[in-house]
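Worksheet: the structure to be examined is printed underneath.
The values are calculated or read from the model by the stated rules, or taken from the named source; none is laboratory data. Note that the structure is a prediction, hence the values are computed from the model and not measured. Cβ coordinates were reconstructed from backbone atoms using ideal geometry, including for glycine residues, and neighbour counts include every protein chain displayed. Each accessible area value is taken on the protein alone, full model and side chains, heavy atoms only, with ligands, DNA and RNA left out. Shrake-Rupley method; radii C 1.70, N 1.55, O 1.52, S 1.80 Å.
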Amino acid sequence: MKKIFLFLLLLSLYSTTVLAQPTQAEIDKMMKLANDAMKKYGNDSLVNKAMKDAKATQTQAADATKNQQGNNISSSYSDPGSYGNVDNWKFPPKNTALLASLPKKIFTKTELVSFLTDLYQQLSKKLPAGIASSVQAMTAKYKNDGDEMGDAAVVGWYTGYHEEATLLIIKAAANNPNNGLLLNNCAALLNMSGIEQKAIPILKYVLQSYPNNSMLLNNLGQAYAGLGEPDTAMVYLLGCMRITPEHAEACGTAGFIEESKGNTEKAVAYFEKSIKTAYSKTVELKLRKLKKGSRIRPLIRPRIKLPEYFNFFKYDLPAQCTSTDNAVIAEAEHNAFRKMITQQGQKYGAMYAELAQQKMQKSMQIMNANGFGRKLNKNEFMAQPYYELCNIMARDVLSDYTKELTAFSKIISNQYSSDISAIESEYQSKLKIINDNFSDIHKSYPDNVKSHPNCPSDEEKCIIYNNLANQYLPKFAYLTQEVQEKGKRIFNTFFDELVYWHYLSLNPISKDDFRMQYYVFIEQYLNMMAGLCQTKIIKPCNNNTTTTSKESNNIKEMDCPIDFALGLGIGKLVMNCEIFSISGGEVVIFGYEKNFKTKKSTVSVGIGIRTELGVKAGPFNVAVGAQATESIFITFDGNNGISDAGLQNEAKLTSDFPIDGRKELGVGSRFGINSGYDINEGPFKGKIGPAPEKQVNKNVPIYKPG
């Protein structure tokens, strides 16, 4: 158990260092802990391997940290302070002047078009001349098609062309006032441009036609929030959430509003609803700030359908030994399982080592003169979409996974070891009492102890020993199986999620890193299973000497349910579980037999006569037959190759009524190329050939050659 505990300790160290990017002080502390353990268990091969992996990970983590510092890339979000002071992210103050400038009534269509046209002209004058010219060219290109202009504007915004996108969508909306979606998108870009007071009149106009549209209600709430008007903003945001309860943006902004009012619990509830639907860095960091120790993993995980990366049932642990009756089998199964699972772990470990070597070689090849990693190719992203979310999820899953492993190692080293020791001690004490009792009996009757009526026989002693073992083996089995289930549950809970989020956070740039991490997770599981493959074995006490013979080892076959024979006058049909045969003919005869056991088939043809009368079915047999034949035969093996051929002749009489004490009388001979010569003398055995020589003179024995 100490080896298992140490392995899990090092496994936790390994998991903690991979991708979590701890500080150098943390790495040094963990390595010191591992080195102390190495001094105590330095001769154990499993510990040595885990230690080497941990040291390699330390180097890898240090190198990764240096590279990330050089490239200004962060893969750890353990401290919200790394984004600045979260406390400074507050709801904006009320902008009284802009709120007062809002129109007092909802626009008509004519007023809306005039409003958008004026806005377009105002912005065209403030922006550089080239931007207005570019927008006019795009308007001509798209032939004033509102949908195409709107789509181009949205794409332009998210690719960094904010001024052009805003101006283009205002132009599109002014020319297409009946397009509600276009007007909504125009207002959304105005919101994001920081001119919410221009978005609100447009949104209120569209809301008349679509009063229950959550998108419009959310955009209105965001616009009023941007102007620092929390109460009006909440009216529209709550309207949005009545239709879409977990609307990410509406819930997020509602959370900031409640926080500004000091309603922390409500703010946390809104932030959690927001994260459930879509990730936002500001919302996530605010949530972690307000709710200590919070994790976004429980909020996001239910929405994710994880692929199955690894078949755990393929490596299920063998059954526990629960009785002396299955002790021998259980011991053999556990030994075989440990051997197999260790080999599998070594296989994945070798795959990891090979990939690590390849990665090192690639790193040396692509290193540029400045000492940084390779440059990105054209159209290649530094990270895929949702990289930030995936990285946080990978971090949180890995952290929870490591905590579970650490807690599990404590269970093994403390609770489980203590419980097993207590049961073992109780069993040994009762066993000692039994042995002492038997010893006292032997001392009382030293001369002829076995024959004394008060002394138990060897068989009775074995029953006592086996009963004691069978009383305690289920207790050992229950405790061991319970801890096994806890260990398996950790991997069943975390494995697919670990692989999923690390895959998304490491691909496409770091495919080798992902594959290496994938092999590590599998190897950890297999090594844990090898360590957990334990069972208490108490072999049975058996006073009887067991002997085996060829017959006793044979598996007895069941009685054949088919046994059928049919006389056909000039032929016969026989069918049972061993053979199928049909034969017949007059003058020219034929025969075919298939043996299901040997897989051989025999075909024969010749001359003669054969008579078969009656039927045999099961226990009923009223058949009478006679034959005299001479034929050639060919025997085929199971692959339809010729295995024998030759000549056979036979004369036979069969009857259900005994003839000379027999139901079958016959003579014949058979000569086969491979089977050789065989003669059946039948009732004439010993009567054919010269009479045996009689001894004439008692003093002269009969001569026997050799």
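Points worth noting:
- Tabulated pairs, segment 332-361, first under 30 Å from CYS321 (Cβ atoms), second small (Gly, Ala, Ser) and outside any helix (DSSP H, G or I), C-beta under 9 angstrom, 6+ apart or interchain: GLU333/ALA319
- Restricting segment 427-449 to residues that are assigned to a helix (DSSP H, G or I) and in contact with a His (Cβ under 9 Å, 6 or more places away or on another chain) leaves a set whose member that is least open to solvent (accessible area, probe 1.4 Å) is ILE441.
- Scanning segment 255-290 for residues that are open to solvent by less than 10 Å² (accessible area, probe 1.4 Å) and not aliphatic (A, V, I, L, M) returns GLY255, PHE271, SER274, GLU284, LYS286.
- Yes/no for ALA330 being surrounded by fewer than 17 Cβ atoms within 10 Å (Cβ to Cβ) and either modelled with pLDDT of 80 or more or assigned to a helix (DSSP H, G or I) (or both): no
- Within segment 470-502, the set of residues being hydrophobic (A, V, I, L, M, F, W, C) and farther than 29 Å from GLU424 by Cα comprises PHE491, PHE494, PHE495, LEU498, VAL499, TRP501.
- Residue check, ALA350 at pLDDT below 90 and part of a helix (DSSP H, G or I): yes
- In segment 466-520, the residues that are of a type in the set (A, V, I, L, M) and not in a helix (DSSP H, G or I): ILE509
- Residue in segment 313-326 that is in a helix (DSSP H, G or I) and crowded, with 20+ Cβ neighbours inside 10 Å present: yes
- Test: residue in segment 128-149 that is touching a Phe, Trp or Tyr at 6+ places or on another chain (Cβ under 6 Å), without any contact (Cβ under 8 Å) to a residue 60 or more places away in the chain and among the β-branched types (Val, Ile, Thr): no
- Only residues that are small (Gly, Ala, Ser), within 30 Å of ILE275 (Cβ to Cβ) and either surrounded by fewer than 17 Cβ atoms within 10 Å (Cβ to Cβ) or modelled with pLDDT of 90 or more (or both) were counted across segment 382-426, and they come to 2.
- LEU220 being over 20 Å from ALA248 (Cα atoms) and aliphatic (A, V, I, L, M): no
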